[in-house]
Amino acid sequence: MIGRRRRVTGAIVALIAPILLTPGAPRTARAHDLVTPQAVEQTVADVQQALTVVRSKAPAARRAEAHLLIARRHDTMRDLLNRDIAAHGQVQGLPSKLLIERLRAAGAPFAWSDALGRYAAPVDHYRAAAELDPRGPGAAEATFGWLSGAFADSFRDDPLQVLPQATAAATLAELGERFVREWPRDANVEEARFITAIAWVRVARATRAPSTAATRARESLERFARDYPDSLRSAAVPVLLGALP
């Protein structure tokens with residue numbers, strides 16, 4: 001049984017890890033060279049302005065927009081910082097270090113994860129934006145940012161080996177289903193459905209017995225494979241099905 005679990009885990013990592021790599025600037029570029037003094041000044045100015053709105057008594061819609069702007073700026077810059085860490089073991093370059101310090105001083109620091117050894121997604125800002133204005137123009141982006149960020153930061157290599165203090169699998173599954181239900185034509189629906197299916201697999205495995213969650217997981221995975229037969233993610237479906245109890 002242990003041997004089978006190890007084989008399943010290895011197959012999941014081999015199939016899913018490349019799919020989950022975050023797209024962005026060319027990997028040949030040195031990330032710290034992309035964090036320019038001008039980018040630092042613009043990012044800090046934008047975040048400081050947004051924080052003023054967040055801390056004010058402005059209407060919920062305006063505060064949601066401000067939270068979303070902070071999340072966007074954090075995501076853009078933390079991707080570069082994380083590439084630096086992956087390449088060099090630490091953040092390189094004076095502008096990058098200045099950016100980290102100035103955002104910390106402003107009250108909007110990057111979220112560091114000891115478990116991952118990198119900066120985590122700005123899930124708190126995405127969640128705040130989604131909850132403050134759940135029907136607003138930025139609601140779909142905020143909800144997907146919340147979902148995808150919480151999922152990406154919930155594991156190291158194997159998405160079925162969940163880190164302590166990660167967002168509960170049932171919460172991720174429910175959030176993913178709500179996103180797909182409310183924004184069925186959004187460009188991120190495929191990824192949201194894949195995350196949701198994995199979340200249901202996590203719930204099913206946590207029960208260690210046949211359950212409604214296992215049925216939901218199986219249905220979600222099989223429906224995903226039918227709807228996206230040419231997707232790279234569909235190649236992982238048989239392995240995920242095999243991981244169900």
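The values are calculated or read from the model by the stated rules, or taken from the named source; none is laboratory data. Remember, predicted model here, so these are calculated numbers, not experimental data. Cβ atoms come from the backbone with ideal geometry, glycine included; neighbour counts cover every protein chain shown. Accessible surface is based on the protein model in full, side chains and every heavy atom, while ligands, DNA and RNA are left aside. Shrake-Rupley method; radii C 1.70, N 1.55, O 1.52, S 1.80 Å.
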Practice task
Determine, yes or no, whether Gly107 is closer than 21 Å to Ala129 by Cβ and either among the aromatic types (Phe, Trp, Tyr) or surrounded by fewer than 17 Cβ atoms within 10 Å (Cβ to Cβ) (or both).
Solution key: yes
Practice task
Kindly indicate whether Ala197 is under 30 Å from Leu69 (Cβ atoms), open to solvent by less than 20 Å² (accessible area, probe 1.4 Å), modelled with pLDDT of 95 or more and among the small types (Gly, Ala, Ser).
Solution key: no
Exercise for the section: Check Ala71, Ala87 and return the single one that is of a type in the set (A, V, I, L, M) and closer than 23 Å to Glu190 by Cα. Expected result: Ala71
Fill in the blank from the handout: So, first residue touching a residue at least 60 places away in the same chain (Cβ under 8 Å) and open to solvent by 20 Å² or more (accessible area, probe 1.4 Å) in the stretch 73-84, second residue in a helix (DSSP H, G or I) and among the aromatic types (Phe, Trp, Tyr), Cβ within less than 9 Å, six or more apart or across chains; the pairs are Asp75/Tyr126
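The rows are residues; the columns are (1) part of a loop (DSSP other than H, G, I, E, B); (2) among the basic types (Lys, Arg); (3) within 30 Å of Val54 (Cβ to Cβ).
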site	(1), (2), (3)
Ala140	no, no, yes
Pro159	yes, no, no
Glu177	no, no, yes
Ala197	no, no, no
Trp200	no, no, no
Ala235	no, no, no
Leu241	no, no, no
Fill in the blank from the handout: Scanning the stretch 145-183 for residues that are among the acidic types (Asp, Glu) and buried (at least 19 other Cβ atoms within 10 Å of the Cβ) gives Asp153
Problem - Where a residue in the stretch 213-224 is over 13 Å from Ala173 (Cβ atoms) and its partner, wherever it lies, is open to solvent by 20 Å² or more (accessible area, probe 1.4 Å), with Cβ under 6 Å and at least six apart - result: Phe224/Arg193
Completion exercise
Of the residues in the stretch 124-143, those that are open to solvent by 20 Å² or more (accessible area, probe 1.4 Å) and either out of contact with any helix residue (DSSP H, G or I) (no Cβ under 7 Å at 6 or more places or on another chain) or closer than 25 Å to Ala86 by Cα (or both) come to Asp124, His125, Glu131, Pro134, Arg135, Pro137
Practice task
Scan the stretch 142-181 for residues that are farther than 14 Å from Val123 by Cα and of a type in the set (Phe, Trp, Tyr) and jot them down.
Solution key: Phe155, Phe179
Problem - Ser96, sole failed condition from (1) closer than 30 Å to Arg62 by Cβ; (2) buried (at least 20 other Cβ atoms within 10 Å of the Cβ); (3) touching a residue at least 60 places away in the same chain (Cβ under 8 Å) - result: (1)
Practice task
Out of the residues in the stretch 110-120 that are touching a strand residue (DSSP E or B) at 6+ places or on another chain (Cβ under 9 Å) and open to solvent by less than 50 Å² (accessible area, probe 1.4 Å), state the one that is farthest from Thr36 (Cα to Cα).
Solution key: Ser113
Problem - Condition check for Ala61: part of a helix (DSSP H, G or I) and at pLDDT below 95 - result: no
Exercise for the section: May I ask you to say which residue of Leu103, Leu81 is closer than 28 Å to Leu175 by Cβ and in contact with a strand residue (DSSP E or B) (Cβ under 6 Å, 6 or more places away or on another chain)? Expected result: Leu81
Fill in the blank from the handout: Scanning the stretch 157-181 residue by residue, those in contact with a Ser or Thr (Cβ under 8 Å, 6 or more places away or on another chain) and either of a type in the set (Asp, Glu) or without any contact (Cβ under 8 Å) to a residue 12 or more places away in the chain (or both) turn out to be Asp158, Glu177
